[in-house]
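Scroll down for the structure; my scribbles are underneath it.
The values are calculated or read from the model by the stated rules, or taken from the named source; none is laboratory data. Values in this document were obtained by computation on a predicted structure and should not be read as measured data. Virtual Cβ from ideal backbone geometry, glycine too; neighbours counted across all protein chains shown. The accessibility values were calculated without ligands, DNA or RNA, using every heavy atom of the protein model including side chains. Shrake-Rupley method; radii C 1.70, N 1.55, O 1.52, S 1.80 Å.
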Amino acid sequence: MSPKNVLAVTFTNKAAGEMARRVEALLQPAGLGAPWVGTFHATCVRMLRQHVMHLGRSRAFVIYDEDDRLSLIKRVLRDEAGVDRSLTPSAFAHRISYAKNRMLTVGDVERQARGPRETHVAQVYRLYQERLDTANAVDFDDLLLLTVRLLEEAPNVLAWYRGFWKHVLIDEYQDTNRAQYRIIRLLTGEHRNVFVVGDPDQSVYAFRGANIRNILDFENDYPGTRVIRLEQNYRSTKNILAIAADVIANNVARKDKTLWTENDAGERARLYRAWDEHEEANWVAQSVLGLREQGTEWDDVALFYRTNSQSRVLEDALRRARVPYVIVGGVRFYERKEVKDVLAYVRLAVNAGDDVAFNRAVQAPARGIGKTSLARLAEVATREGTTLLAMAATPPADVRGAARKGFEEFEALIARLARERASLTPPAFLDLVINESGYRGALKAEKSPEAEGRLENLEELVAAAEDYTHSDPDPSIEGFLDGVALVSDIDELEAGTPRVTLMTLHSAKGLEFEDVFLTGMEEGVFPHARSMNDTEEIEEERRLCYVGVTRAKRRLFLSYALHRRIHGYGMGEPSRFLREMPEEHLDPVNASRGPARPAEAVDAPAPDFAAEPHEDDLPLRVGARVRHARWGEGLVVGVVREGGDTIVTVGFASVGRKRLSLQYAHLEEL
């Protein structure tokens, strides 16, 4: 077979480049050229540049990247009257991309719309697509969709490619979406010379449109398929593989395989039960220092967590321990956009003259204020020698409509926040800012995974303020801002300096490290709370656990916390994934795999008080009125001793019943 008749496809430019280099090294000694090796998108571009005129389009189309896509959506939202602006441009981009990944046209989305919000998404999708077409532009999703159309609507083109690419090879097949699947089926529908490599147990990108059924149903799509199981593992120890195998065996939607290795048995995985997330983070930091003392390099160590918001406490502990670190696939906690946006409100409430904070806060979330109006406000403020906030109270006469209203309402909001500041604790004030600014509401309205992650980061910002309040003898919002500024201004390490790697489990796929810490192994954290009532999503979470465990080459560290702010400082239940791990391969440092108490009791109301210690022995009595910094006033309906702590059940008017650790919830008796 001539190399030119072979097509090899993978997902990332890095992987395609590495594959191409290896193939060239194999073929050059034989005097052969290399086949086409590229990503799905690069392959589609090649086909469209040659044949897109069959779809009535010019070959000279331009490709919009993610920044271009967002800019275009922003222009649509700015220019078109009647468009719902409660969603952010990124939320519209996510929903449009999700529709395209499912091969839904504008018409499909319009027909399926249920309610005003989905109707507005369909409207923006149509306007966005019309502007793309007018500019003779395509986005990344269009590259796939147009290629499907080309192969379906131009039979001569399809026949040519089927004759040209007589063998098609696809890497990471478990990550293919509907459009990619359709392209492969079209190209190989006649000769059926298709070779795919993939691992159903590592399909963790459903939120991007990946469909695990593509690989699970492969033998049905191509009867007579020969299956070659790649079961030898060259990376991990026998103990690590045993843990991974026992966890993933609980999934139903998978293909059986038995991993084995010639590597040593290795150490058993360490399991640590922390009292709370701070003790967990300190244990991780001290363990990393211990590994370093044994000769381990910083960059041989990785810390994994389920969501970005979990990094904040780990970052704090690593800084205190003077452990150098880098965050992969994200930014440092206090540099995240939503964190900086909310802190801009706080800074402005503290200092009305902070024009930098004004420029940031006034546009987050959007208030119908464009760059022209902002520039005009700044021009007049400079001329009159006043602040932007003062000028917003009475904008220049030529600033009219939505922009004028937006400025006036924003100034009134900051004035109100400034008045409230003195009477509230730092965490309560931050919570107020997140609510009153509209930031929390805007993110909740998005209903996207990205928005959920940003909401979690804002909850973690409030948690950071709580930590500060408990550690400072004279806490104030100004003191909290000072501490944040000092964290943000820490000098960056020199480029190339070895550092411990922090990342989410999704970012970890495809990587490997000598030593891996898998943190936050609790129900509601990992598996994530939003997956708890969906069997398919729980199976994806379990695949994510499998990915995390199998990144470790030498040592694996597992940890969970009995109390975590995400649980309202109630008792956290160890992750089901821990209970699925073989006990003989675990080395409990101070913990067992099982729940601290029966799982069914996690959210149960406190039992009748007759069986409990005498009221005189308890710090709070049933019937006491208390105040929580976040949830306001509540009534104590139960008090029990658990080990060295007192657990109280409080009924709050705002959130219902919460089971709280008295040591950590910091309740004020009224």
Selected residue (criterion: nearest to Pro89 (Cα to Cα)) from residues of the stretch 448-480 that are surrounded by fewer than 17 Cβ atoms within 10 Å (Cβ to Cβ) and either free of Cβ contacts under 8 Å to residues at least 24 places away in the same chain or over 22 Å from the mean Cα position of the chain (by Cα) (or both): Glu478
Helices (runs of 4 or more DSSP H) lying entirely in the stretch 192-257 (those with 3 or more residues that are within 29 Å of Phe557 (Cβ to Cβ)): 238-248
How many residues are buried (at least 21 other Cβ atoms within 10 Å of the Cβ), closer than 21 Å to Pro35 by Cβ and under 30 Å from the mean Cα position of the chain (by Cα) if we restrict to the stretch 148-183? 6
Checking Ser423 against (1) buried (at least 21 other Cβ atoms within 10 Å of the Cβ); (2) within 30 Å of Glu456 (Cβ to Cβ); (3) small (Gly, Ala, Ser); (4) more than 32 Å from the chain's Cα centre (by Cα), the condition it does not meet: (1)
Val37 - would you say it is β-branched (Val, Ile, Thr), in contact (Cβ under 8 Å) with a residue 24 or more places away in the chain and open to solvent by less than 20 Å² (accessible area, probe 1.4 Å)? no
Could you please let me know if Ala60 is assigned to a helix (DSSP H, G or I) and either modelled with pLDDT under 90 or open to solvent by less than 40 Å² (accessible area, probe 1.4 Å) (or both)? no
Being basic (Lys, Arg), exposed (fewer than 14 other Cβ atoms within 10 Å of the Cβ) and closer than 30 Å to Gly198 by Cβ: is that true of Arg69 here? no
For the stretch 359-413 the number of residues that are open to solvent by less than 60 Å² (accessible area, probe 1.4 Å), touching a residue at least 60 places away in the same chain (Cβ under 8 Å) and not in a helix (DSSP H, G or I) is 4
Filter result (open to solvent by less than 10 Å² (accessible area, probe 1.4 Å) and not in a loop (DSSP other than H, G, I, E, B)) within the stretch 547-559: Val547, Gly548, Val549, Ala552, Leu556, Phe557, Leu558, Ser559
Among what's in the stretch 317-344 and is open to solvent by 50 Å² or more (accessible area, probe 1.4 Å) and outside any helix (DSSP H, G or I), pick the residue that is farthest from Ala381 (Cα to Cα). Arg322
Scanning for something surrounded by fewer than 23 Cβ atoms within 10 Å (Cβ to Cβ), among the hydroxyl-bearing types (Ser, Thr, Tyr) and part of a helix (DSSP H, G or I), does the stretch 345-356 turn up at least one residue? no
Specify the residue that is least open to solvent (accessible area, probe 1.4 Å); the eligible residues are those in the stretch 481-501 that are at pLDDT below 85 and not in a loop (DSSP other than H, G, I, E, B). Val484
Among (1) under 20 Å from Ala274 (Cα atoms); (2) open to solvent by 10 Å² or more (accessible area, probe 1.4 Å); (3) in a helix (DSSP H, G or I), where does Arg530 come up short? (1)
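Does Arg416 satisfy the criteria of being modelled with pLDDT of 90 or more, of a type in the set (D, E, K, R) and open to solvent by 50 Å² or more (accessible area, probe 1.4 Å)?
So Arg416 passes the test.
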(1) in contact with a helix residue (DSSP H, G or I) (Cβ under 7 Å, 6 or more places away or on another chain); (2) modelled with pLDDT under 95: which one isn't true of Asn263, the others all being true? (2)
